[in-house]
Protein chains: 2
Amino acid sequence: MDTIKYILSEDQMPLAWYNIQADLPTPMPPVLHPGTKKAIAPHDLEPLFPPELIRQEVSQERWIEIPDEVQSIYRQWRPTPLYRARRLEKALDTPAKIYYKYEGVSPAGSHKPNTAIPQAYYNKQAGVKRLTTETGAGQWGSSLAIAGAFFDLEVVVYMVKVSYQQKPYRRAFMEGYGARVVASPSDETEAGRAILQMHPDSTGSLGIAISEAVEVAAQCDRTKYALGSVLNHVLLHQTVIGLETLAQLEQAGDYPDIIVGCTGGGSNFAGITFPFMGAKLRGEQQLKFVAIEPAACPTLTKGKYTYDFGDIAHLTPLVKMHTLGNSFVPQGFHAGGLRYHGMAPLLSHIVELGLIETRAEPQLGCFAAGLTFARAEGILPAPEANHAVKGAIDEALRCKESGNSKTILFNLCGHGHFDMQAYMDYQAGLLRDTEYSAEEVALALAGLPVM
Amino acid sequence: MDTIKYILSEDQMPLAWYNIQADLPTPMPPVLHPGTKKAIAPHDLEPLFPPELIRQEVSQERWIEIPDEVQSIYRQWRPTPLYRARRLEKALDTPAKIYYKYEGVSPAGSHKPNTAIPQAYYNKQAGVKRLTTETGAGQWGSSLAIAGAFFDLEVVVYMVKVSYQQKPYRRAFMEGYGARVVASPSDETEAGRAILQMHPDSTGSLGIAISEAVEVAAQCDRTKYALGSVLNHVLLHQTVIGLETLAQLEQAGDYPDIIVGCTGGGSNFAGITFPFMGAKLRGEQQLKFVAIEPAACPTLTKGKYTYDFGDIAHLTPLVKMHTLGNSFVPQGFHAGGLRYHGMAPLLSHIVELGLIETRAEPQLGCFAAGLTFARAEGILPAPEANHAVKGAIDEALRCKESGNSKTILFNLCGHGHFDMQAYMDYQAGLLRDTEYSAEEVALALAGLPVM
């Protein structure tokens, strides 16, 4: 009873990304200009993004074609495998069937290249020479560095200073592909200098790093900004994950009852769920979606659904999302990809529509789940992915209690080969769980813009 | 003109390993008992290995069936992709065609699970409860840790002390799968204690770690020893690499003129080349094989072809191989998988038959080649694999000079995600090249056993 792999032939690969906006019962709230509080027009985004990505950001078309050049690069590691985790099922002694899609086979070791490649492609098409971005854990910065090398674009990565210091290997990885990596806050930008003046010892945050990257892109010629999650076009590109999974499950002759994913900015969760959610929105399926977020950054479970900035210097437009406030910085937990103060506005909107169950999990239980998974399935997950593993194992154990066999699917969005410090700390008993009280959350939310 | 991937359906996967011994024009020299200097009998190996692995070690059958249970686990990441490196060809502006087989998609990130899985399987079948082994860079120890978790075997890894100290992440990785990792030399064995008494500050070597692992296996009940390279059965298991490649090249409608691999103990090189070499031995093909070894551990290019021990404490039988002497410890270079003092006796024998070109490469050029490869192909190679990349790039550049288009194949045996310290040191200009003079080699060889 070994684990089974489902592959696809290349001619079964998706030719278009799925845009869930086409199937929403109510449209997303508009993006607002921070000064006028009026809806912005697509062309207002032109200083930051190339025309095609802006078109995708606002598109209501159901399918958006994947360019041949992007498909050609996708094929280097896609289709990624879908596994039936029979050794894990046996280890848990559950009647549930567990499937996982594995995105760690990409050259960056995570799902992030799914959007880095098309973003670099569309920028190159538009004559852009340089991309700026931010990175926390480093998975996104690594992916954009690889995409930049493929399309001969300069890449500048503002890396949250605490990560820059604690993860020199991630930095070396990005530099290996030719990217320039800058510790944020830096003295290269007004936003960075302002933070350093107030807090010379600031260890940075994603909100600060975004401010720096956005500022440089807005001011410099032939320079644009690239974001690794949160935006509609990023979620769109990740739907290649769920579309492949649909075809692979058809091959397995199965269909999920429950889909579990981890949520940071929301892109990997959207990637695995949206193609299935479309069917549910059209009334075709009864299906449960579970978003697992870290208890130390409980955006969906404790945040407020309201307009906020994407960054700390308030350089971005205002977007309606679940947020802990743009100055919120989670402390001391080891899933750097899940530390953003907000959530993808598109995903937030869908949560408000009542389509998704949300849960917050403390990190210790997630690491334990990750090691259970590794010993059964052989793959050591990234700490971010451990949240999805934890959610899936809990659902499987619930099936064991009830004697009810369900089909559970989750997205294993990356491997943990770059995250061994976190595992070392966990195994040495050095990690602690963080949970925020209502008062702490209220305090974090006090900085929200007045609407 | 993007890089192309060739995959195989699972029903095209090899059902048997290829044993090149069946096709050798002259048999390998015998393995000798160190006391009597007489050939040992297969049953003399029983304290260390289970019966089926001993049978494979001495088998002259051309094909050895891969058990269903092993095939089932192989299928989790196999068949591995074969790529036509068109972006690299373009970057080099070469008329050559370059193919690479990529083994980094395994859960350990290298080719080592190809033999760890069958070794664990046959030991489990024989009622073994515990496996001991050594590891240098950690790729082998990680692979055996995963295999142990799959087959519910205890795994004890004697890790060369300098690696244990410098690579805590590798250690944490093995421990994550439940293995016990011991810094070698340790005080747990007579061999370790003897070394520590003479050299209290010893930072260890593969030869020492092998002595410790062999001693424990020989003395303890239901405990056997597992080796990650060098032995015939290990090379045999790795032929799954070349067999898949043959089928993938058939799909591509191509055949190599040159096959390049890196050599440490010899197993990944044997894995990619032996299935092709069989055809050459039968006179069917004109094909060049190039073995690239590190200039800092020049076993094939500067070592002596003679009988030597596999370990420093002289607990192993005597095997005829290219060796730098069992007490040789290479210094200050960053491809831990290529630091063994000897070479697989089977591969050494084939080198002596004149079938393989050998070259030694200093590490700086290999790192440069690895980064050229990463920027073109997206995958950052392990420092070991960089030696193969360097060899392949040099062949391709030779084609550019001569205007001659050749088809070059190499084995990219692992990714470099665990080796970022080496890349950091390289990028910071901290690495140096080592080459040994004839005098230094003569000194190292002075410790060879008198025959």
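State which residue pairs qualify: first residue within 14 Å of another protein chain (Cβ to nearest Cβ) and inside the range A:1-24, second residue among the basic types (Lys, Arg) and assigned to a strand (DSSP E or B) in any location, beta carbons under 7 Å apart, and separation of 6 or more residues or different chains. Taking only residues 6 or more apart or on different chains, the pairs are A:3/A:84; A:4/A:84. Residue pairs whose Cβ atoms lie under 9 Å apart, sitting 6 or more positions apart in sequence or on different chains, and linking a residue in the range A:227-243 that is of a type in the set (Phe, Trp, Tyr) to a partner that is assigned to a helix (DSSP H, G or I) and surrounded by 24 or more Cβ atoms within 10 Å (Cβ to Cβ), do not occur here.
Just to be sure before I move on: is residue B:314 within 28 Å of residue B:367 (Cβ to Cβ), outside any helix (DSSP H, G or I) and not hydrophobic (A, V, I, L, M, F, W, C) in the structure I sent? Judged against the criteria, residue B:314 is not a match. Whenever a residue of the range B:61-86 is more than 10 Å from every other protein chain (Cβ to nearest Cβ) and of a type in the set (Val, Ile, Thr), its partners that are open to solvent by 70 Å² or more (accessible area, probe 1.4 Å) and outside any strand (DSSP E or B), lying with C-beta atoms within less than 8 angstrom and at least six residues away or across chains, give the pairs B:66/B:15.
Among residues of the range A:132-155 that are of a type outside the set (A, V, I, L, M, F, W, C), those with a Cβ under 6 angstrom from a residue that is part of a loop (DSSP other than H, G, I, E, B), sequence gap 6+ or separate chain, pair up as A:133/A:226; A:136/A:339; A:138/A:167; A:139/A:112; A:142/A:108; A:143/A:108; A:143/A:112. Against the definition (over 25 Å from residue A:152 (Cα atoms) and either open to solvent by less than 10 Å² (accessible area, probe 1.4 Å) or in a helix (DSSP H, G or I) (or both)), how does residue A:245 come out, yes or no? Yes; evaluated as a whole, the condition is true for this residue. If the condition is being open to solvent by 80 Å² or more (accessible area, probe 1.4 Å), over 15 Å from residue B:217 (Cα atoms) and more than 14 Å from chain A (Cβ to nearest Cβ), then the range B:166-202 contributes B:187, B:193, B:197, B:198, B:199, B:200, B:201. Criterion applied to B:116, B:96, B:120 was being among the small types (Gly, Ala, Ser), modelled with pLDDT of 95 or more and over 19 Å from the mean Cα position of the chain (by Cα), and the one residue passing it is B:96.
For residues in the range B:203-240 being within 28 Å of residue B:348 (Cβ to Cβ) and of a type in the set (Ser, Thr, Tyr), which is surrounded by the fewest Cβ atoms within 10 Å (Cβ to Cβ)? If we take residues in the range B:203-240 being within 28 Å of residue B:348 (Cβ to Cβ) and of a type in the set (Ser, Thr, Tyr), then B:203 is surrounded by the fewest Cβ atoms within 10 Å (Cβ to Cβ). If you go through the range B:274-330 and keep only what is more than 27 Å from residue B:35 (Cα to Cα) and acidic (Asp, Glu), you end up with B:284, B:293. Could we say that residue B:433 is more than 14 Å from every other protein chain (Cβ to nearest Cβ), open to solvent by 50 Å² or more (accessible area, probe 1.4 Å) and not β-branched (Val, Ile, Thr) here? Yes. When the range A:373-408 is limited to residues that are of a type in the set (S, T, N, Q) and under 17 Å from residue A:1 (Cβ atoms), the one that is nearest to the other protein chains (Cβ to nearest Cβ) turns out to be A:407. Hey, does the range B:411-422 have a residue that's modelled with pLDDT under 95 and open to solvent by 30 Å² or more (accessible area, probe 1.4 Å)? Looking for residues that are modelled with pLDDT under 95 and open to solvent by 30 Å² or more (accessible area, probe 1.4 Å), one finds at least one in the range B:411-422, hence yes.
The helices (runs of 4 or more DSSP H) located wholly in the range B:130-199 that include 3 or more residues which are at pLDDT 95 or above occupy B:139-151, B:168-176, B:190-198. Only residues that are crowded, with 20+ Cβ neighbours inside 10 Å and either within 27 Å of residue B:166 (Cα to Cα) or in contact with a Gly (Cβ under 6 Å, 6 or more places away or on another chain) (or both): list them for the range B:309-328, please. Correct list: B:310, B:311, B:312, B:313, B:316, B:321, B:322, B:323, B:324, B:325, B:326, B:328.
Taking the stated definitions as given, is residue B:374 modelled with pLDDT of 95 or more, hydrophobic (A, V, I, L, M, F, W, C) and open to solvent by 10 Å² or more (accessible area, probe 1.4 Å)? So residue B:374 fails the test.
As for the range B:139-149, it holds no residue that is within 9 Å of another protein chain (Cβ to nearest Cβ), touching a His at 6+ places or on another chain (Cβ under 8 Å) and either over 23 Å from residue B:416 (Cα atoms) or crowded, with 23+ Cβ neighbours inside 10 Å (or both).
The condition (being touching a strand residue (DSSP E or B) at 6+ places or on another chain (Cβ under 8 Å), over 16 Å from residue B:87 (Cβ atoms), at pLDDT 95 or above and not hydroxyl-bearing (Ser, Thr, Tyr)) is satisfied by just one residue among B:398, B:359: B:359.
It is to be established whether one or more residues within the range B:391-407 are in a strand (DSSP E or B) and farther than 18 Å from residue B:360 by Cα. Looking for residues that are in a strand (DSSP E or B) and farther than 18 Å from residue B:360 by Cα, one finds at least one in the range B:391-407, hence yes.
Restricted to the range A:424-442, and to residues there that are farther than 17 Å from residue A:322 by Cβ and part of a helix (DSSP H, G or I), the residue that is modelled with the lowest pLDDT is A:439.
The values are calculated or read from the model by the stated rules, or taken from the named source; none is laboratory data. Predicted model only: the values in this text are computed from it and were never measured. With ideal geometry, Cβ positions are generated from the backbone for all residues, glycine too; neighbour counts draw on all protein chains shown. We work out accessible area using only protein heavy atoms, side chains counted, and drop any ligands, DNA or RNA first. Shrake-Rupley method; radii C 1.70, N 1.55, O 1.52, S 1.80 Å.
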